[in-house]
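Take a look at the structure below.
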Amino acid sequence: MTVDVRVSTTGPVLGPVLGVVAQFGVLGVLAGTVGLAPTGWLAGVAFSIATWVFLTGALHRSGAESFGPANAVTLARCTLVGGVTALVADSFTTSVHVGALVGVAFVAWLMDGIDGQVARRTGTTTALGARFDGEVDSILALVLTVYLAQSLGGWVIAIGALRYAYVVAGWALPWLRGDLPRRQSRSAIAAALGFVLVVAASGLLPVAAAGVLVGLSLGVVSWSFGRDIRFLYRRRAVSIRTASASRPFIGVGQHS
């Protein structure tokens, strides 16, 4: 009996493996140009391993037969975010090259949306790809807010933490894990947030101005999450009322 192992060796599994190789390449370039301390290397390697674990498990669960060109673009962007993570980790122990940090983050932000276009043009749009893209956006936002917290205060991290607080709340409240309608405004807010965080991290704005800009962004992001939560809550309430109305009435002389 012949067993076809092409999918397992050159199919979806190859993508995460190449991602690890690419991540070490990004870290190596940063180390050779602007320098990377042990803290940055540790954070970058941990980021790479976490990405490999997440992607490998997600691809296995989805039953994907190939990694796909759109996921490859998202993975390339993810390796840049890994580089940003390494630089931010270094910023807590030593001075970092702000230009390099902002430059890598800006390229990662610019690449957002390209993977979606590739997926649509190649007919490879998948739920996994959409989630992978969203997770990369969320991680970039979280990492940048951690960096900004050093100059603006810890409250900034709330912007990056909102997404993860929402996920954790969904573990206790299953109705929060429901599907949301596609809204262009949600994508626009995410794109604008990335730009605001990159500009704030660049140091081009006075600290007070950067604080106001980031504060306004926190308000907009909170409103977006609140709107989605309200939608899911209302849909849950309608489902409960519908279920209650469909139950048969048991009156006197009747039995179930």
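The values are calculated or read from the model by the stated rules, or taken from the named source; none is laboratory data. This structure is a prediction, so every number in the text was calculated from the model and none was measured. Ideal geometry is used to build each Cβ from the backbone, glycine not excepted, and the neighbour counts take in all protein chains shown. For the accessible areas, the whole protein counts, side chains as well, though only heavy atoms, and no ligand, DNA or RNA atoms are used. Shrake-Rupley method; radii C 1.70, N 1.55, O 1.52, S 1.80 Å.
Projecting each Cα onto the charge dipole of the chain (Lys/Arg +1, Asp/Glu -1 at the beta carbon, about the Cα centre), which of 196, 101, 226 comes out farthest on the positive side?
Checked the options; the winner is 226.
Can you pull the accessible area of residue 151 for me, 1.4 Å probe, Å² to the nearest 10?
Its heavy atoms expose roughly 80 Å² to the probe.
Could you tell me the calculated FRET efficiency between residue 72 and residue 191, based on Cβ-Cβ distance and R0 = 30 angstrom, to the nearest 0.05?
Once rounded, the FRET efficiency stands at 0.90.
Suppose every Lys and Arg Cβ carries +1 and every Asp and Glu Cβ carries -1, with no other charges. What dipole size does the chain come out with about its Cα centre, to the nearest 20 debye? Mind showing how you got there, number by number?
Details: 18 positive and 10 negative charges, 238 e Å.
It comes to approximately 1140 debye.
Could you do me a favour and compute the accessible area per residue for the range 1-117, 1.4 Å probe, result in Å²? Before the final figure, lay out each step's value.
Values: 5720 Å² over 117 residues.
Accessible area per residue: 49 Å².
Karplus couplings for the range 84-90 from phi (6.51 cos²θ - 1.76 cosθ + 1.60, θ = phi - 60°), rounded to Hz, Gly and Pro as x?
Each residue of the range 84-90 in turn: 4, 4, 5, 5, 5, 4, 5 Hz.
If Lys and Arg each add +1 and Asp and Glu each add -1, what is the summed charge of the other residues whose beta carbon sits under 12 Å from the beta carbon of residue 74?
-3
With runs of 4+ DSSP H residues as the only contributors, calculate the mean residue ellipticity of the chain at 222 nm using -39,500 (n - 2.57) per run, divided by the residue total and rounded to the nearest 500.
-26000 deg cm²/dmol
Please work out which option in [x] 84, 67, 33; [y] 62, 37, 35; [z] 49, 41, 39 gives Cα extents along the principal axes in Å calculated from these coordinates, and answer with its label.
[x]
Where is the GNM fluctuation largest for the chain (alpha-carbon springs, 10 angstrom cutoff): 121, 77, 183?
183
Roughly how many Å² is the accessible area per residue of the range 146-196, as a whole number, for a 1.4 Å probe? Each step should come with its number before you reach the end.
Values: 2960 Å² over 51 residues.
Using a 1.4 Å probe on heavy atoms only, each residue of the range 146-196 averages 58 Å².
What does the charge count around residue 223 come to, taking other residues whose C-beta lies under 15 Å from its C-beta (Lys +1, Arg +1, Asp -1, Glu -1)?
Values: positive: 163, 183, 186, 227, 230; negative: 228.
Around residue 223, the charge tally is +4.
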